[in-house]
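A short worksheet on the structure shown next.
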Amino acid sequence: MFAAVLAFCLAVGNADARGPVFEVAAYLLPPMSRLDKAGKLNGETVEAMGRVLSDMGYTPKFRVLPFRRCLEAMRDGTVSMMLPCVVSIERQAFMRFSDPVAHMHTVLWKLGPDQAGCWQTLDDLAGLRIGVIEGYYYGPKWQEALAAGTFRVEESIGREPNRANFRMLLEGRLDRVLCDRRLGLYLKEQGAPLFDEVTACPGEIGESVPLCVPVSLRFFKDHGLSADEFLTRFNAGLKKHIVP
């Protein structure tokens, strides 16, 4: 089973970079991280992180895993860091986080252009089946409505959970999908004409959420390194290579 989910390692950044290899857990979140037709990992965040690490004297290698396996590798200390993710109290127990590199703007997606089928309050979603991503936090009001049974959610996992949710929306297995606006537009563009009828509703679910690059406390401790000192240098590099 492990062989099915343990993915390949991909070197990015400056091929001539010297110094220790930093293995980075990577999950797919286009356009920040994606696989091209040749199976090579790229994307604006992947490339920027590669340049920052190379400038710091490290050789970055990215291991592509499902999101949940990325977190497991960080907890176990088998990788040094992972691509940006949402900060949570639970994750802060085994990771330290960089400055924000991007923000998620979560919106509801539906079939068809009719805006009347969207929402004004969460009560408008009563009885609907809504696709979400396992492990994502959509804000306190969303959690309260979910706990009250206003709607029910279907959690998607795997390497491309947002694409899977869009497909289930097309197949009628979901009524709505939660997805970052920019990511959804990318999926529509790349999946045309398959996802042409998938439309974003106005308004965001919760507030925009920052994405930050985490480092593994276990990895840094096991290798006698200071996570705080590393992040100070890393954050300085981000200012050069991450475009707001």
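The values are calculated or read from the model by the stated rules, or taken from the named source; none is laboratory data. In this text the structure is predicted, and so the values were computed from the model without any measurement. When we count neighbours, we look across all protein chains shown, and the Cβ atoms used for this are built from the backbone with ideal geometry, even at glycine. These area figures cover heavy atoms from the full protein model, side chains too; ligands, DNA and RNA do not enter into them. Shrake-Rupley method; radii C 1.70, N 1.55, O 1.52, S 1.80 Å.
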Between the range 210-244 and the range 138-173, the alpha-carbon center distance in angstrom:
31
Ordering 156-163, 60-67 by per-residue average of other C-beta atoms within 10 angstrom, highest first, gives 60-67, 156-163
Roughly speaking, what is the stretch gain from Ser226 to Lys141, that is 0.36 nm per residue apart minus the C-alpha to C-alpha distance, in nm to one decimal?
26.9 nm
Hey, which of these cross-link pairs are over 31 Å Cα-Cα: Lys40/Lys240; Lys37/Lys110; Lys37/Lys221; Lys141/Lys221; Lys40/Lys188?
Lys37/Lys221; Lys141/Lys221
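Grab the other residues whose beta carbon is less than 10 angstrom from that of Leu122, score K and R as +1, D and E as -1, and report the net.
Summing Lys and Arg as +1 and Asp and Glu as -1 gives -2.
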Output the antiparallel fraction of DSSP beta bridges having both residues in the chain, as a percent to the nearest 5.
60
Towards the positive end of the charge dipole of the chain, with charges on Cβ (+1 Lys, Arg; -1 Asp, Glu), say which of Ser98, Pro193, Ile205 has the farthest Cα.
Ser98
Around Arg159 (Cβ within 14 Å, Cβ-to-Cβ, excluding Arg159; K/R +1, D/E -1) the net charge comes to +4
On the protein heavy atoms, probe 1.4 angstrom, tell me the percent of accessible surface of the range 43-115 carried by carbon and sulfur.
50
Whose amide H sits under 5 Å from the amide H of Ile133, counting only residues 5 or more places off or on another chain, with H placed in the peptide plane?
Ser156
Extension length gain for Gln115 and Arg152 (0.36 nm per residue less Cα distance), in nm, is 11.2 nm
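Rounded to the nearest percent, how much of the accessible area of the range 130-244 (1.4 Å probe, protein heavy atoms only) is carbon and sulfur? Before the final figure, lay out each step's value.
Numbers: 3170 of 6250 Å².
Percent of accessible area from carbon and sulfur atoms in the range 130-244: 51.
Assign unit charges at the C-beta atoms only (+1 for Lys and Arg, -1 for Asp and Glu), then state the dipole size of the chain relative to its Cα centre in Debye, rounded to the nearest 20.
For the chain, the charge dipole is close to 600 debye.
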Taking 0.36 nm per residue of sequence separation and subtracting the Cα-Cα distance, how much length would be gained by fully extending the chain between Glu90 and Glu134, in nm to one decimal?
14.4 nm
Length-normalised contact order of the chain in % [C-alpha pairs under 8 Å, at least 6 apart]:
28
